[in-house]
Amino acid sequence: MDKLEQKSIDLATQEVLKKAQDENIKTAWDRLELQEPQCGFGQLGLCCTVCDMGPCRIDPFGEGAQVGVCGANADTIAARNLARKIAVGASAHSDHGRDVAYTLQLLSEGHAHDYEILDMEKLKTLAQEFGIDANKTKEQFVKELSKKLLDEFGKQEGELVFCKRAPKERQAIWKKLGVTPRGIDREVVELLHTTTMGVDNDYKNIITTGMRCALSDGWGGSMIATDVQDIILGGPVPIRGKVNLGVLKENYVNIVVHGHEPILSEMAVKASQDLELVKLAKKVGAEGINLAGICCTANEVLMRHGIAVAGNFLQQELAIITGSVEVMMVDVQCIMPALQEVASCFHTKLITTNPKARFPGVTHIEFEPKKAYEVAKQIIKLGIENFSNRNKERVNIPKQEMDLVAGFTKEIVFQILGGRYRSTYKPLNEAIISGRLRGLAGVVGCNNPKQRHDYFHTMLVKELIKNDILVLQTGCSAIACAKQGLLIPEAAKIYAGKGLQEICEAVGIPPVLHLGSCVDNSRILTAASHIIEEGGLGEDLSDIPAAGCAPEWMSEKAITIGFYFVASGVYTIFGASPFATLGSKNLTDYLTKDLADIVGGRFEFCDDPLKMAQLMIEHIDKKRKALNLKPRMYD
Ligand code: SF4
Ligand code: MSK
């Protein structure tokens, strides 16, 4: 295997990495090499910078210092480091949720004219959950709902409303442990407070507080983001699209949207189809405007409009290195600071849009929901004007592109499985009970240059579907598998076991379902709750023959997602470099063993995709046995 193949299994990525090498443009892979060997204390979670008596570090071999200046030991330091990551991840998702709820409020006040209520059903469901009188006018109830949603962030008393979506048993477990989340902001603040110097020194208690904070993201901030986006941008339905760098077009003005919040990118979709702007693009010699996405913004515009996906996390620099991108428009999260340097090697204009995320010296066009369409048009126009600056000699767009089907929300998946006019989870539950489906797996998360790009996602997912496990995906993991052709209905015949194949063929779905972006992991939680509600698969989320995995994670948000999955009763495997916990055996044991008896879910760390699949299958079979179900229909 040559060096490029070791870096990524994706041919398009290899091709552009070769171009980068030839043109001496540095990417994340090169910068990782410069960082090596990475700090062992940091990797083990044993470096503490919490106060200025430090930084302190614990000798993992037991020979040097075993406590910091203040006396904190490895357990406390590693747990605090982990807890701080949970707080950051929860903040990111939840701040996203807040911005979306704020847009709903502006809309209700008549200040966000470019948006409208597109999913009345969901609006009504939420209004009911928040106890809003159904007799009110639509305007009154949108106003009241947006206020109540925003109140979820600053709530001082009571629990988050969406916690009631969880099965009763799960709610009881949370209550008993004291981890039912209250106000979202409060949970983040409290967790950060407990990790400052001289507060919580009990690693188990730090993790308990961490789980409550993570739950406030999964069943709070992220869930609000998902549901309100569906209300104002429309609930996704299955839609075909294309994926990989080959979606960039040689003779078009290429605009790439990257980041997470779809409120602006939704307007970019509209603006890219604006006849005046298309005319302008033709005037400068292009055939039209081509919009494509990277990371979770890509997932958002893909599942609502079928907009092409240029790539996942590690392909953001590569999109620019194709030499064909006029504008890369970014908002928040997972946007590499290196983009500015890479863009400066080409004609590409990097444009920041969010006041929270700016780059020195980079054009900033601030997005405001009040003038959303206007801002989007301004950015697309800049792209059109930049087309003439493209150096055609340096354009190298790989040929690779793959079809995919996305847009499987919890409502849609199960409407489809239940028959076009029957919205019920019964057929899904029956498929699991009969053994036609062995179980369910959520495979999510990022890329990490420490691992072979996309390899872990695709190897793991192929093994799971071969074993009749229906895979639900979000984020960059979904993009990885889509590029390998796993997200088309035809993939069932090639890769799936007989039972899963029968289901996919009967209802025309792929064996791997794209459920959206990172905040849409909340869709997996609500879908799982519906499965319990339907009956026959236990009383609690931990009873379902299901498992989760983030094989190539890198973001703090992935840690938060892992914690809300585990705290919701899900067995969850993390790949790549281990959590920063291995420096504390006590903490590692607590996360990977003890938590199972406390919350029903637990973590596992593993760096081999086939082993990950085997562990998930073993767990699923254990759950089937506990439910008195036979292993699987076909062996
Ligand atoms: Fe060192 Fe304790 Fe300060 Fe951490 S909190 S830096 S271990 S003195
Ligand atoms: S974008 S969090 S790299 S999945 Fe949501 Fe991808 Fe991970 Fe960012």
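Over all projection directions, the Cα-based convex hull of the chain averages an area of 27.5 nm². Here, region 406-483 is characterised by an Rg to Rh ratio of 1.04, where Rg is the alpha-carbon radius of gyration and Rh the Kirkwood radius. When both region 370-446 and region 203-278 are represented by their alpha-carbon centers, they are found 9 Å apart.
In this simple spin-label model, placing a label point 7 Å from the Cα along the Cα-to-Cβ direction at both residue 18 and residue 287 gives a separation of 2.4 nm.
What is the sum of charges, Lys and Arg at +1 and Asp and Glu at -1, for the other residues whose Cβ falls under 11 Å from the Cβ of residue 236?
-2
Stokes-Einstein diffusion of region 483-537 at 4 °C, 1.567 mPa s viscosity, Kirkwood radius from Cα pairs, rounded to a whole number: 103 µm²/s. Segment residue 392..residue 585, full-extension length gain: 63.9 nm, with 0.36 nm per residue of separation and the alpha-carbon distance subtracted. Annotation: extensible slack from residue 611 through residue 365 equals 83.9 nm (criterion: 0.36 nm per residue apart, minus Cα-Cα distance). Here r is the Cβ-Cβ distance between residue 197 and residue 177 and R0 is 22 Å; the resulting FRET efficiency, rounded to 0.05, is 0.25.
Taking amide H as placed 1.01 Å from N in the peptide plane, residue 309 has its amide H under 5 Å from the amide H of 242, 243, 244, 293, each at least 5 places away in sequence or on another chain.
Under a 5 Å amide H cut-off, with hydrogens placed 1.01 Å from N, residue 8 pairs with 453 among residues at least 5 apart or on other chains. Carbon-plus-sulfur accessible fraction, the chain (probe radius 1.4 Å, protein heavy atoms only): 50%. Whole-Hz Karplus values for region 524-537 come out as 5, 5, 6, 4, 4, 5, 5, 4, 5, 4, 5, x, x, 10 Hz, taken residue by residue from phi with 6.51 cos²θ - 1.76 cosθ + 1.60 and θ = phi - 60°; glycine and proline positions read x. When only Cα pairs below 8 angstrom with a gap of at least 6 residues are kept, region 74-233 shows a relative contact order of 41 percent.
Remark: region 57-69, residue by residue, has Karplus-estimated 3J(HN,Hα) of 9, 9, 6, x, 8, x, 9, x, 4, 10, 9, x, 4 Hz, where x stands for each Gly or Pro and the curve is 6.51 cos²θ - 1.76 cosθ + 1.60 at θ = phi - 60°. Sorting the segments 383-391, 60-68, 17-25, 302-310 by their mean number of nearby beta carbons within 10 angstrom, highest to lowest, gives 302-310, 383-391, 17-25, 60-68.
Measuring r between the beta carbons of residue 505 and residue 275 and using R0 = 41 Å, the FRET efficiency lands at 0.50.
Over region 171-313, what lengths in whole Å, largest first, do the semi-axes of the equivalent ellipsoid take, defined as the square roots of 5 times the eigenvalues of the alpha-carbon gyration tensor?
Three semi-axes, in Å: 43, 16, 13.
Once both labels are positioned 7 Å from their Cα atoms along Cα-to-Cβ, the gap between residue 120 and residue 596 label points is 5.0 nm. Cross-linked pairs 122/410; 122/147; 493/625; 122/371; 466/623: Cα-Cα separations exceed 23 Å for 493/625; 122/371. With θ taken as phi - 60° and the Karplus curve 6.51 cos²θ - 1.76 cosθ + 1.60 applied, the whole-hertz 3J(HN,Hα) list for region 183-189 is x, 4, 4, 4, 5, 5, 4 Hz, x standing for glycine and proline. Length, then width, then depth: along the principal axes, the Cα atoms of region 251-375 run 34, 33, 27 Å. Could you estimate the translational diffusion coefficient of region 416-626 from the Stokes-Einstein equation, with Rh from the Kirkwood formula over C-alpha pairs, at 25 °C and 0.890 mPa s, in whole µm²/s? The calculation lands on 145 µm²/s.
Could you tally the net charge around residue 488, taking each other residue with its Cβ under 12 Å from the Cβ of residue 488, Lys/Arg +1 and Asp/Glu -1? Net of charged neighbours comes to +2. The calculated FRET efficiency for the pair residue 240 and residue 189, based on their C-beta separation and a Förster distance of 60 Å, comes to about 0.85.
The values are calculated or read from the model by the stated rules, or taken from the named source; none is laboratory data. Model, not experiment: these values are computed from the prediction. So basically every Cβ, Gly included, is an ideal-geometry build from the backbone, and we count neighbours across all protein chains shown. Areas reflect the complete protein model, heavy atoms only, side chains present, ligands, DNA and RNA absent. Shrake-Rupley method; radii C 1.70, N 1.55, O 1.52, S 1.80 Å.
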